[in-house]
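Below is one structure, written out as structure tokens; the observations come after it.
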Amino acid sequence: MKADLHCHSYFSDGKHSPDFLLKRAETNNISHLAITDHDFAYKPAKAEKPKSDVHLISGVEISCKWQTREIHIVGIGIDPENSVLDSLLFKQRESRKIRAEKINKLLVELNIHGLMNYLDSQRAISITRSHVADFLVLSEATKNRKSAFSRFLGKGGRAFIPADWTSMEEANHAIADSGGISILAHPSRYQLSRYQLKCLIDTFKNSGGMALEVSYASINPSIQRMLEEAALEKGLFVSAGSDFHDTKAHWTDIGKFPQINPMAKKFAVWRHPNWCP
Ligand code: AMP
Ligand code: MN
Ligand code: MN
Ligand code: MN
């Protein structure tokens, strides 16, 4: 079994369809794939026949606020129709729309016009800053996505608007209520000190979190081991996923991340009681 439990489709800021992701997973010898869009839980239409041998696991990635920061919680094996989860995700997507309108106002003051029309033309159900970054590149306000974030959309940028995200507790609760497994996404990507990371993991666990993502694209092996040890110490399960968005980003692909180390595999999320492929 090889599972990739974190990736994005064009329903949020990925570039490809769920069917494309499943085919790519099949080509890359993945047995279980979770599509985890930002604040949107994809559900294939009931009548649709599976188009590949890969097991599709329902998923989502929820943006949360923690202290002054933004952290991500992945939920897998969720019921997308669960009312607690559905209303939380709806609220999050509304916050995303409000943020986009505020960003648009700032851009108009900078004489950059057309964001709202661009967003309306997109397939996304969940609007992200990646879409705004693509718009800024397309309208030649900046040269690439990276500079769109540093000059405009990131903290300190000219069009930075903080979003009004839910708490970790609420996200963990909604995932649990819908029968899923909550996973702290890419813990080493929040630019935290060792001490802050320990606090984050403690708070995540104490607010109902179930697992840590310990392997993802380009993770350093010593950090992976540290996360695996933290999971074992805290009684958390471990998960792994590529966070794939786009075939044009060559540093990542479906299934492209290191194996979970043998000691930690005993606590892999597929051994969690809520796992049901
Ligand atoms: P949002 O959830 O709307 O704040 O959008 C965040 C998404 O933007 C992330 O999931 C990444 O895919 C992307 N992103 C965040 N920071 C950067 C960056 N510095 N450069 C490129 N993409 C980024
Ligand atoms: Mn993203
Ligand atoms: Mn994330
Ligand atoms: Mn992600």
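Quick notes on this one:
- Some residue of the range 94-113 being under 27 Å from Met210 (Cα atoms) and surrounded by 15 or more Cβ atoms within 10 Å (Cβ to Cβ): yes
- In the set (1) at pLDDT 95 or above; (2) not in a helix (DSSP H, G or I), Asp53 fails one condition alone, (1).
- Residue pairs whose Cβ atoms lie under 6 Å apart, sitting 6 or more positions apart in sequence or on different chains, and linking a residue in the range 131-145 that is closer than 15 Å to Ile103 by Cα to a partner that is among the polar types (S, T, N, Q) and surrounded by 16 or more Cβ atoms within 10 Å (Cβ to Cβ), are Leu136/Thr142.
- Test: residue in the range 129-143 that is in contact with a helix residue (DSSP H, G or I) (Cβ under 8 Å, 6 or more places away or on another chain), away from ligand 3 (no atom under 16 Å from the Cβ), of a type outside the set (A, V, I, L, M, F, W, C) and under 27 Å from Asp86 (Cα atoms): no
Here is a yes/no grid of residues against (1) within 16 Å of ligand 1 (Cβ to nearest atom); (2) modelled with pLDDT of 95 or more:
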| residue | (1), (2) |
| --- | --- |
| Tyr216 | yes, yes |
| Ile219 | no, yes |
| Ser222 | no, yes |
| Ala230 | no, yes |
| Gly235 | no, yes |
| Thr247 | yes, yes |
| Trp251 | yes, no |
| Ala268 | no, yes |
| Trp275 | no, yes |
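So that you can scan it fast, the table gives a plain yes or no per residue for (1) in a strand (DSSP E or B); (2) within 16 Å of ligand 3 (Cβ to nearest atom); (3) modelled with pLDDT of 95 or more:
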site: Ser58; (1), (2), (3): yes, no, yes
site: Glu61; (1), (2), (3): yes, yes, yes
site: Lys65; (1), (2), (3): yes, yes, yes
site: Ile71; (1), (2), (3): yes, yes, yes
site: Gly75; (1), (2), (3): yes, yes, yes
site: Pro80; (1), (2), (3): no, no, yes
site: Val84; (1), (2), (3): no, no, yes
site: Phe90; (1), (2), (3): no, no, yes
site: Lys97; (1), (2), (3): no, no, yes
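- Lone unmet requirement of (1) part of a helix (DSSP H, G or I); (2) in contact with a strand residue (DSSP E or B) (Cβ under 9 Å, 6 or more places away or on another chain) for Phe20: (2)
- Of the residues making up the range 1-43, those that are in contact with a Leu (Cβ under 7 Å, 6 or more places away or on another chain), without any contact (Cβ under 8 Å) to a residue 60 or more places away in the chain and away from ligand 1 (no atom under 15 Å from the Cβ) are Leu22, Ala41.
- Subset tally (residues that are in contact (Cβ under 8 Å) with a residue 40 or more places away in the chain, among the charged types (D, E, K, R) and either in a loop (DSSP other than H, G, I, E, B) or within 16 Å of ligand 2 (Cβ to nearest atom) (or both)) for the range 176-223: 1
- Unmet criterion (only one of (1) within 27 Å of Val74 (Cβ to Cβ); (2) in contact (Cβ under 8 Å) with a residue 24 or more places away in the chain; (3) crowded, with 16+ Cβ neighbours inside 10 Å; (4) more than 16 Å from ligand 3 (Cβ to nearest atom)) for Gly157: (2)
- Scanning the range 202-222 for residues that are away from ligand 3 (no atom under 16 Å from the Cβ) and of a type in the set (A, V, I, L, M, F, W, C) yields one hit, Met210.
- Looking only at the range 144-165, residues that are more than 10 Å from ligand 1 (Cβ to nearest atom) and in a helix (DSSP H, G or I) come to 2 in all.
The values are calculated or read from the model by the stated rules, or taken from the named source; none is laboratory data. Model, not experiment: these values are computed from the prediction. For neighbour counting, all protein chains shown are included, and Cβ atoms are generated from backbone atoms with ideal geometry for every residue, glycine included.
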